[in-house]
Amino acid sequence: MTSPTLPPYFNLNPEQAAAKLPDPIQTTRFAKAAAMCTKGREDLARRGYAPDGEKRLRKFSTWEITRYLIPVAPQHLRRVLKNNPDLPQGEGEGGSKWFTLEEVLALRQHFASEGISTKEYLPYRPKGVPAKVTAVANFKGGVGKTSTAAHLAMSAALDGYKVLVIDLDSQGSMTSILGGTVEDEWSTVFPLIAKDYAKSVVAENAVRAAAGEPELPLDETLNEALRVSSRNVIQKTHWSNIDLIGAQLNLYWAEFQIPVWRMGLRSWPLWDALSNFLEQEGILDDYDIIFLDTPPALGYLTINALAAADILLVPLGASFLEFDSTGRFFDMLYSTFASIEEGENMAQRAAGLPEIKFEWDVVRALITRFDASQQTDMANVIQAYFGDFMNAYRQDVTALVGQAGEQVNGIYEADYRDFNRDTYVRGRETFDRTYAEFKELLIGSWWRDTQMEEAE
């Protein structure tokens, strides 16, 4: 009888192990590794780009348009195009034509003005109400925050909404997906937060000057930030109705600088900086939906995102560790915002001013990467404990995600001809259903806002 084979961690030779080691690693080696990763990242990202270095969105076929984007039959679309030669005609021979997203949006507008009034050619968007800000957050990494935010943004764009995506994660994954170019922190939200602080310093200095007190310093960074506007940081993407404020590594410096500014001026409400930018520069009027992709931490950038949000989505996997971590995340949210309310309201009451109160239209946890064959029991437990904090639909794991992710693209950017059509339809359905549930939250919030305005 042969003896069982020992596991590979037995009988290792220390001398041979030492011979395989490199020379001791010094700090300069990290710089070399970082440079190689940067080069490799750029090379991988460019695989989704055109030869001229620009990322372009693929075209959409007649089949896709009539199945997913505009509620008309293929035959009717062909008749309309034939009878209206001034409309975009697409490219291709025979019955299958291919259209750019801009052309699809133009066709939407035509059907909205000329088509049957009972059909939804344009998505619900009441006039006179601001854009809805949606933050996707959880302080555990790997739960699908960026993927969820990216696919929701793309779904909304295909649905006809005008979207702004703000990347608050210094890793810049969302920026890569949307093909953004960010040279330094001055092309991120950093100068917008700096500008908000600088404006508070200017206001404080006016009070101090009138009282004959010494003024607070405005350094070069703050003076430069005062000259920054939205056009300096918002960039177009290869999606005609998705704009981007990107991120890169230097954005992480904001996590260190913000508390320093707060110490310099305790009356500065640091959590309102992003909200103030969106409101004061007309961003809420320029877009329909604003998505905030947050870092996997409850730092100052995430606090700004959460304070600015109307809708909060919290992705998590159907596992004990992610359930436990998400519970801690909610506990941290309570502690953080309750602490801000308590501290600020003491001063508000002393000054005879109304108290502040943080409020969200809706908060939902969303199960991602769901495998029904292995995770149903755990998902049911999570659903039972979270109750109405939980999305009803569980976003299925799909091989399509991995295949699309290897190309630095989203599912909606993948050409269905690269897959078996049934596989594509099933893979896309999980993101379509996630968007459908989000859209119901979105339009319900808008409708409630309009009813409240009318009641006033």
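Listed residues Asp422, Asp396, Asp331; which is out of contact with any helix residue (DSSP H, G or I) (no Cβ under 8 Å at 6 or more places or on another chain), farther than 29 Å from Trp271 by Cβ and in the same structural domain as Ser240 (by TED's automatic domain parsing)?
Exactly one of Asp422, Asp396, Asp331 is out of contact with any helix residue (DSSP H, G or I) (no Cβ under 8 Å at 6 or more places or on another chain), farther than 29 Å from Trp271 by Cβ and in the same structural domain as Ser240 (by TED's automatic domain parsing), namely Asp422.
Which ones in segment 196-227 are surrounded by 14 or more Cβ atoms within 10 Å (Cβ to Cβ), outside any helix (DSSP H, G or I) and within 32 Å of the chain's Cα centre (by Cα)?
The answer is Leu226, and nothing else.
Which ranges mark the helices (runs of 4 or more DSSP H) fully within segment 228-302 that have 1 or more residues being out of contact with any Leu (no Cβ under 7 Å at 6 or more places or on another chain) and within 22 Å of Leu218 (Cβ to Cβ)?
Passing ranges, in order: 230-233, 254-264, 273-280.
Select from segment 107-132 the residues that are farther than 30 Å from Arg448 by Cβ and exposed (fewer than 15 other Cβ atoms within 10 Å of the Cβ) and list them in ascending order. Can you show your working first?
Kept after step one, since they are farther than 30 Å from Arg448 by Cβ, are these residues of segment 107-132: 107, 110, 114.
Correct list: Glu114 only.
Does Ala399 fit the bill of being over 25 Å from Val165 (Cβ atoms) and at pLDDT below 90?
Against the criterion (over 25 Å from Val165 (Cβ atoms) and at pLDDT below 90), Ala399 qualifies.
Hey, can you tell me all the residues within segment 13-31 that are closer than 30 Å to Leu249 by Cα, modelled with pLDDT of 80 or more and in a helix (DSSP H, G or I)?
Ala31, the sole residue that qualifies.
Specify which of the listed residues (Asp324, Asp396, Asp388) is surrounded by 11 or more Cβ atoms within 10 Å (Cβ to Cβ) and in contact with a strand residue (DSSP E or B) (Cβ under 9 Å, 6 or more places away or on another chain).
Values: Asp324 fails: in contact with a strand residue (DSSP E or B) (Cβ under 9 Å, 6 or more places away or on another chain); Asp388 fails: surrounded by 11 or more Cβ atoms within 10 Å (Cβ to Cβ).
The match here is Asp396.
Are any residues in segment 76-113 closer than 14 Å to Phe60 by Cα and of a type in the set (S, T, N, Q), and if so, which ones?
Gln89, Ser96, Thr100
Restricting to segment 74-99, give me the number of residues that are under 21 Å from Arg417 (Cα atoms), modelled with pLDDT of 90 or more and loosely packed, with under 13 Cβ neighbours inside 10 Å.
Of the residues in segment 74-99, 1 are under 21 Å from Arg417 (Cα atoms), modelled with pLDDT of 90 or more and loosely packed, with under 13 Cβ neighbours inside 10 Å.
Just the residues that are assigned to a loop (DSSP other than H, G, I, E, B), within 26 Å of Glu440 (Cα to Cα) and in contact with a strand residue (DSSP E or B) (Cβ under 7 Å, 6 or more places away or on another chain), please, taken from segment 138-183.
Selection gives Asn138, Val143, Gly144, Tyr161, Leu168, Leu178.
The values are calculated or read from the model by the stated rules, or taken from the named source; none is laboratory data. Quick caveat: nothing in here was measured; it's all calculated off a predicted structure. Here the Cβ is made from the backbone with ideal geometry for all residues, glycine too, and neighbour counts use every protein chain on show.
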